[in-house]
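Written out below as structure tokens is the structure these notes cover.
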């Protein structure tokens, strides 16, 4: 049985008492089933037709034609059983509202984002544009900068300082601090291979948004900061004998960068 709230039950009892002419307490008891319901019988209403006007001198046949018959409605069937009585007003059962479910539209106005795109043109077109831009930049730089080949290498003369290409200068700088077995083997193996391969297992966040991958970004930032610092020191702050120098005092001891310095000096 559905529990009806008290305020709704009281309101229905007041309406029932007003309609039946009984007290509110009696109507409330009848609705709860504590007493027998009040039986209300309605007397049928009969509409009486006006009496036919009959002329004394007219014959019976003419009286029948001129006087309309009285319209009498059939009396309504009297109901005695309480089960067949229609109470007024009807008691309306109100259900309790548990939750509100937001209706979804049949056709969504906003498309559902997906994490997959076609290779063409979303990938190939930007890569092709970047390739053409980088090719044009390299052609322009090679036409401006003078980068002649040095003299033939002499095994009896070692240049001082002997610097590796810029992408190896970080490793060469690390060799000046630690033993070659540590700086040349252990650090690249542990940091460069095992460390990078372990990142997907340490940071198991499946999100592709960079702002939500803070742990992975933090680890890679430490690597870039360390490698970049060692490279900058090897390029600018190492002179003859791999001693510490200041580029604004002792000059730059790196052939690849000297072309840029000479180019900027000629421009002035």
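The values are calculated or read from the model by the stated rules, or taken from the named source; none is laboratory data. Given the structure is predicted, the values throughout are model-derived calculations rather than measurements. Don't worry about glycine lacking a Cβ; one is built from the backbone with ideal geometry, like all the others, and counts go over all protein chains shown.
Mind listing whichever residues of region 168-183 are in contact (Cβ under 8 Å) with a residue 12 or more places away in the chain and either surrounded by 17 or more Cβ atoms within 10 Å (Cβ to Cβ) or more than 18 Å from residue 241 (Cα to Cα) (or both)? It would help to see each step written out before you state the result.
Of all residues in region 168-183, those in contact (Cβ under 8 Å) with a residue 12 or more places away in the chain come to 169-174, 176, 183.
Within region 168-183, 169, 170, 171, 172, 173, 174, 183 qualify.
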(message) For the structure I just gave you, tell me whether residue 265 is within 30 Å of residue 143 (Cβ to Cβ), at pLDDT below 85 and in a helix (DSSP H, G or I).
(response) yes
(message) Quick test for you: out of 150, 218, 189, pick the one residue that is under 30 Å from residue 115 (Cβ atoms), exposed (fewer than 12 other Cβ atoms within 10 Å of the Cβ) and out of contact with any helix residue (DSSP H, G or I) (no Cβ under 6 Å at 6 or more places or on another chain).
(response) 218
(request) Please indicate, with yes or no, whether at least one residue in region 2-15 is modelled with pLDDT under 75, loosely packed, with under 12 Cβ neighbours inside 10 Å and within 50 Å of the chain's Cα centre (by Cα). (result) yes
(request) Search region 216-237 for residues that are at pLDDT below 85 and pair each with any residue that is exposed (fewer than 13 other Cβ atoms within 10 Å of the Cβ) and outside any helix (DSSP H, G or I) when their beta-carbon atoms are under 8 Å apart and the residues are at least 6 apart or on different chains. (result) 216/205
